[in-house]
Amino acid sequence: MKITFILPAIGKKQGKKYIGTWKMEPLTVAVLKALTPWNVQTELFDDRIELIDYNTKTDLVCITVETYTAKRSYQIAARFRERGIPVVMGGYHATICPEETENYCDSVIVGNAEGVWRQMLADAGNRRLQKRYAGGIGTYSVRPDKSIFTGKKYLPVSLVETGRGCNHSCEFCSISRFYDSRYHARSHELIESDIKASPYKYFFLVDDNLVANRKNALELFRRIEPLKIKWAGQGTLSMAKDPELLRAMKKSGCEIILIGFESLDNANLKQMNKSFNYALGERDELVKRVHDAGIGIYATFVFGYDNDDEKTVEQALQFSKKHNFYTAAFNHLLPFPNTRLYDRLKEENRLIYDKWWLADGYNYGELSFVPKKISPEGLSKACRDARKEFSSFGTVMSRGFASLGRTSPLLWGLFWGMNLRIGGEVDQKMNVPIGENLDELPK
Ligand code: SF4
């Protein structure tokens with residue numbers, strides 16, 4: 001028996017190469033590969049970096065579906081099903097919208113696939129695939145088998161999963177919905193073993209909120225400190241109120257932490273149910289503490305809440321420039337299915353598309369709903385302009401020199417290549433069609 005894993009891309013403009021930043025190894029595939037019996041052959045097509053061979057000899061196609069890639073996933077599935085090859089789909093979107101997904105495949109795995117993977121493969125081998133498999137919610141206990149990435153060009157950074165879920169419940173977040181606002185820590189023994197097995201010194205610790213559980217985070221940081229690695233991961237600004245946590249984080253090798261500021265406007269934060277509101281000046285003080293600890297910040301913002309307009313985007317841009325963040329993302333809000341945000345906007349009759357992820361004519365970078373104080377086009381442009389300005393040559397130069405010494409020399413070196421490249425790709429990314437024109441060879 002042979003199975004084919006496929007990781008779909010979002011889309012690309014006709015005749016243009018796929019946009020190249022941030023191609024990290026798809027960890028989920030390596031986990032499933034590890035759970036696949038030795039006598040089952042496997043192959044992977046990563047649609048972001050290579051062509052899919054639709055004529056490949058295979059017995060089963062397994063596709064990871066995200067909301068952004070749902071349309072493309074369904075197109076790919078149709079090509080294989082035409083040949084009579086069964087297709088199984090899993091992932092966040094398949095879990096959140098199984099009724100939709102099952103229209104395009106033979107079987108859907110709802111929840112984390114690890115718990116039902118071997119059963120599903122056995123059923124596929126006996127040609128008795130069930131329509132649905134109920135995977136659990138939680139973490140797994142195998143070491144990912146990254147041999148499936150051999151020959152593929154990913155960033156030389158090893159991904160190691162440390163936890164899943166988050167104990168907050170922001171209105172727009174599909175993670176909190178998926179995990180029911182709970183955090184699931186992975187075994188520290190397995191994390192340590194994954195790190196030791198990696199040929200790389202640089203790691204991305206995959207976690208929706210590394211500091212969701214303080215005790216767990218402290219224990220993990222102390223455990224990995226002797227391994228002398230450098231890592232980036234995802235946390236929250238509130239961790240800066242905890243000097244012991246911040247120190248342990250740095251000593252364990254933290255170089256960059258992604259912090260979702262989301263908004264600087266307290267009314268917006270309240271509306272999105274972001275539980276951390278900060279007094280004037282407090283946010284600046286907490287950012288300073290993170291920087292003083294020797295940790296760079298990847299700041300993310302989201303715009304489209306009811307108090308947002310061009311001014312709030314500009315305010316976030318100035319805040320990011322003032323603090324010389326390592327990098328920052330200025331994104332517009334997207335109503336992901338089955339979130340409270342989606343339900344509210346639908347009820348308020350503000351959705352432009354009922355299902356933007358399947359709509360013909362919906363392109364990356366466009367709004368799929370109508371904000372209160374600014375037009376959809378106006379907000380899309382404001383976000384684009386902020387990205388462009390933050391990654392302009394002059395801004396990158398001043399940010400780079402201001403943050404000299406904050407991170408290790410290698411990360412500082414990476415800063416230049418990464419930020420200048422992001423600037424060059426801002427306009428390429430705008431208006432990429434979702435799920436179409438993907439069958440040309442990336443150059
Ligand atoms: S803190 Fe982040 S991961 Fe947690 S619910 Fe909010 S947006 Fe989602």
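The values are calculated or read from the model by the stated rules, or taken from the named source; none is laboratory data. These numbers come from a predicted model, not from an experiment. So basically every Cβ, Gly included, is an ideal-geometry build from the backbone, and we count neighbours across all protein chains shown. Note: areas computed on protein heavy atoms with side chains; ligands, DNA, RNA excluded. Shrake-Rupley method; radii C 1.70, N 1.55, O 1.52, S 1.80 Å.
When both bridge partners sit in the range 156-407, DSSP labels roughly 15% of those beta bridges antiparallel. Other residues lying with their Cβ under 12 Å from the Cβ of ASP308 contribute a combined charge of -3, Lys and Arg counting +1, Asp and Glu -1.
Straight-line cross-link reach from LYS131 at under 21 Å between alpha-carbon atoms covers these lysines, not counting any fewer than eight positions away in the same chain: LYS2, LYS71.
Normalised by 2.2 N^0.38 Å, where N counts its residues, the alpha-carbon radius of gyration of the range 253-311 equals 1.23.
Structural descriptor for the range 156-407: relative contact order 17 percent, calculated from alpha carbon pairs under 8 angstrom and at least 6 residues apart. Within the chain, the cysteines lacking any other cysteine Cβ closer than 4.7 Å to their own Cβ are CYS62, CYS97, CYS105, CYS166, CYS254, CYS383. Surface composition of the range 237-382: carbon and sulfur make up 50 percent of the accessible area, probe 1.4 Å. Sequence-distant contacts, meaning Cα pairs under 8 Å at least 6 residues apart, place the relative contact order of the chain at 16 percent. Near ASN209: Cβ cut-off under 12 Å, other residues only, Lys/Arg at +1 and Asp/Glu at -1. The net charge is +1. Taking the Kirkwood radius as Rh and the Cα radius of gyration as Rg, the range 77-117 has a ratio of Rg/Rh equal to 0.99.
Within the accessible area of the range 42-200, the carbon and sulfur atoms contribute 46%, probe 1.4 Å, all protein chains present. Heavy-atom accessible surface of LEU334, to the nearest 10 Å², is about 10 Å², with a 1.4 Å probe and all protein chains retained. Annotation: the range 2-134 has a Kirkwood hydrodynamic radius of 15.0 angstrom, from the mean reciprocal C-alpha pair distance.
Extension gain, VAL142 to MET24, is 40.5 nm, computed as 0.36 nm per intervening residue step minus the present C-alpha separation. Counting only protein heavy atoms and a 1.4 Å probe, the chain has 43 square angstrom of accessible area per residue. Here the range 156-407 has an Rg and Dmax of 18.8, 55 Å, counting Cα atoms alone.
Here the ratio of the Cα radius of gyration of the chain to 2.2 N^0.38 Å is 0.97. Between amide H atoms placed 1.01 Å from N, distances below 5 Å from PHE336 occur with TYR342, all of them 5 or more places distant or on a separate chain. Counting only Cα atoms, the size of the range 314-443 along its three principal axes is 49, 40, 24 Å, in decreasing order. The length gained on full extension between ILE352 and GLU314, counted as 0.36 nm times the residue separation minus their Cα-Cα distance, comes to 11.2 nm.
The mean sequence separation of alpha-carbon pairs under 8 Å and at least six residues apart, normalised by the residue count of the range 2-134, gives a relative contact order of 25 percent.
Of LYS153/LYS201; LYS270/LYS372; LYS23/LYS57, which ones are farther than 19 Å apart at the Cα? Don't skip to the answer; put the middle values down first.
Numbers: LYS153/LYS201 17 Å; LYS270/LYS372 16 Å; LYS23/LYS57 27 Å.
Pairs exceeding 19 Å: LYS23/LYS57.
Other residues whose C-beta falls under 15 angstrom from the C-beta of ASP123 contribute a net charge of +3, scoring Lys and Arg +1 and Asp and Glu -1.
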